[in-house]
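Single-structure report; data block below.
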Amino acid sequence: MTAPRFGLAALALALCFWTPPCAWAGPVPGLSAGPADAAADSTPELELATVTEVEMRRVTPPVPRDAAWAHARATAWLNALRRAAAAFPRRREIRMGVSPAERLALAAQLYRAAAPPLADAPQAGKTGAGSPLHVTLSLTPRPQAGEELIRALRNPELLALRHALISETGDVLKIMDRHWPGGLEKDGAPSPAPSSAAEAKTAGAAEPATERDFWRAEDWERMGARLDGLWRAQAALDLSPEGWLTDADALATLERAAARAPRSATVRLLLAEAQLQRNLPQQSLESCTEALRLSPGLGRARYIRALAHWRLQQLALAEDDLNAALNVRSGPAPQGAELARRLRARGAVRMLRRDYPGMCADFADACGLGDCEGLAVARAQNYCRTGATATPARPAPATLPPSFLVAPAGESPATSKDAGTRGTDTSEESAP
């Protein structure tokens, strides 16, 4: 039997274009939703009320005003999340699907946090020692919160990343509280020891190198910057219908967040996703590698790095990372549509490597989860068929037609709005 004109290299790139979050100009709306996602359309609306929290800090040297502001804002945010989580309605989905440790993460997903900048704060212009700063933070319910709830519960990685940012913020606040001039502890109680291995790691990385109880201004600035970076990252973290956990427009925000919170694996992962959507695969690969150095068990970093390897035509490395992303040993495992995306991506990579049995197995497993596009395209070229139909002979690499170099929205990558930041020539995308 004769192989199709463009062979399986064209099939792989077509699947890459059609597979969120692997598409060159961003994910394709509507392709990643499985049959179960349609149930969200009939979800009863979730009634949530706006939560407002006010926090005050006195600016006491050597604490700079921006560090005191970041501390007050982060404290107000965590307190507001606790109030929001405590006020959740007694919905079955929340009672049965959310553990006590995840309730704050769910609140962070169902609400948008906002606080005015330091320059707009009351009494921001006062610079005397002991002058107060007041932070007013609001949590506003997201539109269609009922659907947002279902999507969050179906994406455990999303809640895990929210939880990580909340935990890191709490750990930094505890460290700052222990060193705050005059103390922030009630009734003069001693400062608590690190409550977890994560906090102990944070403390060891962030506290001044010399053993002293007194911090200099630069120590406070560094800690305040870290809180600001984590704040920026939580604002950029948002689940799209296509599977991204941030978007390309958040790249500048996440670059600033990574510079201010360099030891956060979660921030590095989000930065990698934004870089990949901007078609910066080499930078995305480096960000994922740094995230994995900071948190070796971060399975989603393996997946995003695999997509970066794929775009760089490093197919063996892409398959290795996809294998790891599909066999998560710590943290939440991919489920539903997210699992189908990873299976389809590995199937396309295996096809480029001419591992046809593996390709068919992955496409079939993805189809069992509701994503049958890969299997349908392969069968249209007489692959992955059962019965008397024979698999076609091994095709030779083929040059891709111009149609495969067009972004999903019909816009050429070379002329897209992000063309100035892209560093990969798509005309080289073919089977090695």
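The values are calculated or read from the model by the stated rules, or taken from the named source; none is laboratory data. Predicted model, so just to flag it, every value in this text is computed and none were measured. Every residue, glycine as well, gets a Cβ built from its backbone with ideal geometry; the counts of neighbours run over all protein chains shown.
Below are the figures for this structure:
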{"read-out": "Test: residue in region 66-73 that is surrounded by fewer than 21 Cβ atoms within 10 Å (Cβ to Cβ) and modelled with pLDDT of 85 or more", "value": "yes"}
{"read-out": "Some residue of region 230-246 being in contact with a Ser or Thr (Cβ under 6 Å, 6 or more places away or on another chain), small (Gly, Ala, Ser) and in contact (Cβ under 8 Å) with a residue 12 or more places away in the chain", "value": "yes"}
{"read-out": "Boolean, Val328 is of a type in the set (Val, Ile, Thr), modelled with pLDDT of 90 or more and within 24 Å of the chain's Cα centre (by Cα)", "value": "no"}
{"read-out": "Region 368-389 - residue that is touching a residue at least 12 places away in the same chain (Cβ under 8 Å) and in a helix (DSSP H, G or I) and, of those, surrounded by the fewest Cβ atoms within 10 Å (Cβ to Cβ)", "value": "Glu373"}
{"read-out": "Condition met for Leu118 (surrounded by 12 or more Cβ atoms within 10 Å (Cβ to Cβ), modelled with pLDDT under 85, within 24 Å of Thr75 (Cβ to Cβ) and in contact with a Phe, Trp or Tyr (Cβ under 7 Å, 6 or more places away or on another chain))", "value": "yes"}
{"read-out": "When residues of region 350-367 are limited to those that are under 17 Å from Leu315 (Cβ atoms) and of a type outside the set (A, V, I, L, M, F, W, C), the one surrounded by the fewest Cβ atoms within 10 Å (Cβ to Cβ)", "value": "Pro357"}
{"read-out": "Hits in region 286-298 (condition: surrounded by fewer than 24 Cβ atoms within 10 Å (Cβ to Cβ) and in contact with a helix residue (DSSP H, G or I) (Cβ under 6 Å, 6 or more places away or on another chain))", "value": "Glu290, Leu292, Leu294, Ser295"}
{"read-out": "Residue within region 52-64 that is in a helix (DSSP H, G or I) and either out of contact with any Gly (no Cβ under 7 Å at 6 or more places or on another chain) or of a type in the set (D, E, K, R) (or both) present", "value": "no"}
{"read-out": "Verdict on Ala160 being modelled with pLDDT of 85 or more and part of a helix (DSSP H, G or I)", "value": "yes"}
{"read-out": "Residues within region 234-271 that are farther than 19 Å from Leu292 by Cβ, assigned to a loop (DSSP other than H, G, I, E, B) and aliphatic (A, V, I, L, M), tallied", "value": "1"}
{"read-out": "Matching residues in region 238-247 - criterion: being of a type in the set (A, V, I, L, M, F, W, C) and more than 12 Å from Ala272 (Cβ to Cβ)", "value": "Leu239"}
{"read-out": "Any hit, region 84-106, residues being at pLDDT 90 or above, touching a strand residue (DSSP E or B) at 6+ places or on another chain (Cβ under 9 Å) and over 30 Å from Leu339 (Cα atoms)", "value": "yes"}
{"read-out": "Total residues in region 139-157, condition assigned to a helix (DSSP H, G or I) and over 16 Å from Trp244 (Cα atoms)", "value": "5"}
{"read-out": "Yes/no for Leu271 being surrounded by fewer than 24 Cβ atoms within 10 Å (Cβ to Cβ) and at pLDDT 95 or above", "value": "no"}
{"read-out": "Matching residues, region 91-122, being of a type in the set (Asp, Glu) and assigned to a loop (DSSP other than H, G, I, E, B)", "value": "none"}
{"read-out": "Residue within region 253-267 that is small (Gly, Ala, Ser), over 18 Å from Val172 (Cβ atoms) and surrounded by 20 or more Cβ atoms within 10 Å (Cβ to Cβ) present", "value": "no"}
{"read-out": "Residue match in region 277-287 (condition: within 23 Å of Gln109 (Cβ to Cβ), without any contact (Cβ under 8 Å) to a residue 40 or more places away in the chain and not polar (S, T, N, Q))", "value": "no"}
{"read-out": "Residue satisfying all of: in region 79-94; closer than 14 Å to Glu53 by Cα and of a type in the set (D, E, K, R); farthest from the chain's Cα centre (by Cα) among these", "value": "Arg83"}
{"read-out": "Index of the failed condition, Trp77 passing every other in (1) more than 17 Å from Lys174 (Cα to Cα); (2) in contact (Cβ under 8 Å) with a residue 24 or more places away in the chain", "value": "(1)"}
{"read-out": "Output for region 319-342, where each listed residue is buried (at least 23 other Cβ atoms within 10 Å of the Cβ), under 23 Å from Ala376 (Cα atoms) and of a type in the set (A, V, I, L, M, F, W, C)", "value": "Leu322, Ala337, Ala340"}
{"read-out": "Hits in region 317-367 (condition: free of Cβ contacts under 8 Å to residues at least 60 places away in the same chain and either among the charged types (D, E, K, R) or at positive phi (or both))", "value": "Glu319, Asp320, Asp321, Arg329, Arg342, Arg346, Arg350, Arg353, Asp355, Asp362, Asp365"}
{"read-out": "Residues being buried (at least 21 other Cβ atoms within 10 Å of the Cβ) and within 19 Å of Asn79 (Cβ to Cβ) - total across region 56-65", "value": "1"}
